[in-house]
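Comments concern the structure below.
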Amino acid sequence: MDEQGARAFGFHGTWRDYAPIAFTNLLLTIVTLGIYRFWATTRTRRYLWSRTRFIDERLEWGGTGLELLIGFLLVILLFAVPLLFLQFGMQAMIFQGYVGEAMSLAALAFAMIFYLGGVARFRMLRYRLSRTWWHGIRGGADDKGWGYGWSYCWRYALATMAISLPIPWAMTSLWNQRWAAMSFGPFAFESDARAGPLFGRFLLFYLLPIVFVVLGFGLLRMIAGDGALLLMRPGEAPDPRLLFLFALFALLIYGSLGVVALIYYAKFFRVAIGGMALSTLDFRFDARSWDWLRLILGDIALVVLTLGIGLIFLSYRHWKFFVTHLDATGEIHLSELTQSTTRAPGQGEGLADAFDIGAI
Amino acid sequence: MTSAGPDESIWHYDGARATRHHPRLDWTVDGFSLDWGTGRSGPHRWSALVPMDGTAGRSVYGLRGESGWRLGFAGPPPEDFAVHLPLPARYGRWIDRIGLWRALGLFAVLAAAVIFLVLNAPGWIAPWIPRSWEDRLGDAMVGDFGGRLCETPASRAALEKLRRQLGPDVPIRSIAIANIGMVNAVALPGGRILLFNDLLSEAKSPDELAGVLAHEIGHVRHRDTMAALVRQLGLSVVLGGFDGQVGGAVNGLLAMSYSRDAERAADGYSIAALRAANISPLPTAAFFDRLAKVSGGETIERATSWMASHPVSAERRAAFERSAVKGHLYAPALTRAEWTALVDACTDDPDVKASDSVF
């Protein structure tokens with residue numbers, strides 16, 4: 001049944017094919033003051049989906065720019081405008097001395113936004129599945145995600161209270177809950193990701209500050225103590241090399257934090273996607289930390305070398321990365337794959353859009 | 001009737017099951033139908049076909065009203081079949097109709113017009129907003145400032161004297177001193193002006209205060225606060241199309257770069273008001289000079305001033321200095337007793353809240 005190669009997923013796009021889409025999208029988005037970006041997203045996805053093969057057939061993106069715009073406008077109307085009023089009211093309350101009341105209102109608004117962030121993650125996935133077609137069949141979810149929002153809130157609240165140690169548990173259990181609500185055709189996704197294998201890498205986040213403190217003390221000894229460098233003596237102007245040293249140290253902190261995050265997320269995606277199944281299909285994701293590092297370094301180089309214009313190619317790069325590392329095993333019986341009976345949402349991922357979630 | 005297929009290059013999904021069919025195509029001028037032995041679809045009208053784009057050399061069509069129904073060709077469809085088919089949308093229906101470059105030009109002109117309107121309209125709209133609305137808005141925002149306003153009978157009289165000198169015909173509803181540790185003054189909606197306490201303790205003479213106060217009175221007279229509110233609202237609507245970060249950055253830039261004109265106009269009012277009241281502008285100029293030193297030197301300020309909301313202090317100082325008439329005998333804005341009453345208002349007012357502010 002395979003079209004080419006042994007992998008279930010394949011990507012067949014080229015950046016030269018995509019470039020005309022990316023550049024016209026950029027131009028049209030600028031001259032329409034951003035309104036075209038919903039159509040731009042749709043054109044990009046149409047391209048990426050249609051160049052993605054699953055077993056013997058390409059995927060198809062069935063969404064429209066108009067429904068993304070409507071989703072966006074709905075969110076503005078229902079959430080952004082009330083929040084604006086809330087903010088205005090809070091300023092007035094602070095001006096008039098009701099600081100405590102203003103603070104509790106702010107806390108309430110924060111909780112509300114956090115909850116909606118969870119709902120947004122769910123609804124984004126639901127929308128994308130409902131617009132993804134393969135062999136004339138689409139995905140979807142019957143659940144609308146309002147309950148998932150609460151689950152998202154309490155799990156993260158609990159995890160944060162316990163010095164963030166249970167974060168891997170919160171992430172995997174939410175991933176499982178989200179995917180278990182999704183389906184493609186008549187089949188529900190199964191998701192059974194375990195947090196256990198993640199803790200080792202997650203602990204690196206706790207190790208890092210200790211390393212920094214030790215390194216920092218070493219650095220201090222080097223510059224101010226009896227070390228050989230003696231860049232700073234009491235009563236004298238500091239050596240200019242000192243500034244360079246501090247900049248290097250700051251860069252080291254940021255860089256190593258990024259690398260640790262990368263190492264963790266690489267494992268997370270392998271575990272999370274590896275725990276997923278659809279009917280008789282089992283999914284697998286094989287990107288290792290090194291692959292992720294190359295992706296990110298490539299992103300940075302592309303954006304820096306093109307003075308920012310490379311940004312418009314990032315969604316292409318990320319999708320390609322995702323598809324080439326995704327694989328599935330098992331058989332799919334096409335005659336059993338019937339049309340989805342889920343209700344497709346009428347509008348696009350406005351909430352996720354408002355919270356800047358999801359890059360593709 | 002004309003026919004094509006069945007062969008591997010023509011395929012069909014019925015939208016109910018994932019099974020791929022290779023149908024025979026039959027068509028007339030009115031419509032077409034598909035037949036794959038175990039089932040058939042149609043006849044359908046040509047107008048029901050929806051072209052799908054971005055399919056990598058293949059041609060794929062959907063059917064209006066039947067989601068998941070697909071008809072695909074490995075390359076372009078058979079020629080006499082294709083003449084009946086609509087072209088796939090490319091950039092979006094409206095843009096396809098007029099062409100990409102013309103659409104780009106048209107949108108660019110429209111965008112420029114919208115930006116021009118949003119930047120300028122607030123100045124035109126603000127004077128038409130009823131004063132009573134603005135007053136209510138200002139009251140709702142500020143109230144009694146949480147009891148942090150300092151007032152004694154003597155300070156009230158001194159402020160009233162300044163108001164009479166600097167803005168006799170401007171609808172100012174209140175000038176008050178706020179017990180807040182900032183060297184600043186603000187004009188708020190509803191003709192309210194707040195002088196922050198540290199402005200009074202930093203100022204070396206009542207004439208310096210008069211220059212700053214007259215500047216704020218200028219804002220009230222030009223209804224700048226209302227215009228700023230309207231502009232903020234308009235910008236956030238127009239830039240809503242962009243995502244958060246881009247929109248926020250552009251918003252801040254436009255909102256501020258425009259208000260520099262308003263700041264210059266307020267300085268202009270201040271200079272004129274000082275002249276009319278026979279108060280020397282030189283102390284105000286010196287005050288700006290001191291502010292410039294506090295804010296980190298002129299070069300830094302000049303480098304960042306394209307996005308700062310106030311004109312560079314050096315420019316402002318020069319404008320005030322130029323307006324001074326050499327050899328002219330100016331009168332002080334307040335007597336020594338009146339000035340002391342202002343500076344000490346916050347210590348003398350028995351029931352003012354402390355400045356443990358949240359700012």
Open item on the list: Give me the one-decimal nm value for the distance between modelled label points at A:Phe246 and B:Val50, 7 Å along each residue's Cα-to-Cβ direction.
Closed with: 6.1 nm
Task: Sequence of A:Tyr98, A:Tyr36 once ranked by neighbouring C-beta atoms within 10 Å, starting from the fewest - done: A:Tyr98, A:Tyr36
TODO: Provide a whole-number value for the mean count of partner chain Cβ atoms within 10 Å of the Cβ atoms in peptide A:129-135.
DONE: 3
TODO: Take A:Ser279, B:Ser132 and order them by how many other Cβ atoms sit within 10 Å, fewest up front.
DONE: B:Ser132, A:Ser279
Task: Order by protection proxy (mean Cβ within 10 Å, highest first), peptides A:13-24, B:324-335, B:208-219, B:5-16 - done: B:208-219, B:5-16, A:13-24, B:324-335
Open item on the list: Could you give the length gained by full extension between A:Ile163 and A:His12, i.e. 0.36 nm per residue of separation minus their alpha carbon distance, to one decimal place?
Closed with: 49.9 nm
TODO: Kindly list the residues of the stretch A:165-196 that lie in the label zone of A:Leu74, defined by a backbone N under 14 Å from the point 7 Å along the Cα-to-C-beta vector.
DONE: none
Open item on the list: For B:Lys161, give me every one of the lysines with a C-alpha distance below 24 angstrom, ignoring sequence neighbours fewer than eight places off in its own chain.
Closed with: B:Lys204
Task: R0 of 41 Å, Cβ-Cβ distance B:Lys204-B:Asp351: FRET efficiency to nearest 0.05 - done: 0.90
Task: Residues of the stretch B:55-78 with amide N under 15 Å of a point placed 7 Å along Cα→Cβ from B:His22 - done: B:72-75
Task: Among A:6-12, B:104-110, the order from most to least packed when residues are scored by Cβ within 10 Å on average - done: A:6-12, B:104-110
Task: Cα→Cβ-extended label distance, 7 Å offset, between B:Ile115 and B:Val83, nm - done: 4.9 nm
TODO: Evaluate E = 1/(1 + (r/R0)^6) for A:Thr329 and A:Glu190, where r is the Cβ-Cβ distance and R0 equals 22 Å; express this FRET efficiency to the nearest 0.05.
DONE: 0.90
TODO: Compute the label zone of B:Asp344 within the stretch B:196-213: residues whose backbone N is under 19 Å from the point 7 Å along Cα-to-Cβ.
DONE: B:197-207
Open item on the list: Suppose each label sits 7 Å from its Cα in the direction of the beta carbon; what would the B:Arg173-A:Val213 distance come out to in nanometres?
Closed with: 5.6 nm
TODO: Provide the FRET efficiency to the nearest 0.05 for the A:Ala19-B:Arg93 pair, computing r from the beta carbons and using R0 = 30 Å.
DONE: 0.80
- [ ] Using a 10 Å cut-off on Cβ to Cβ distances, tally the other chain neighbours for every residue of B:10-17 and report the average as a whole number.
- [x] 4
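FYI, it's all coordinate maths here, none of it is from the lab. Computed from a predicted model, the values in this text were never measured in an experiment. Cβ atoms come from the backbone with ideal geometry, glycine included; neighbour counts cover every protein chain shown.
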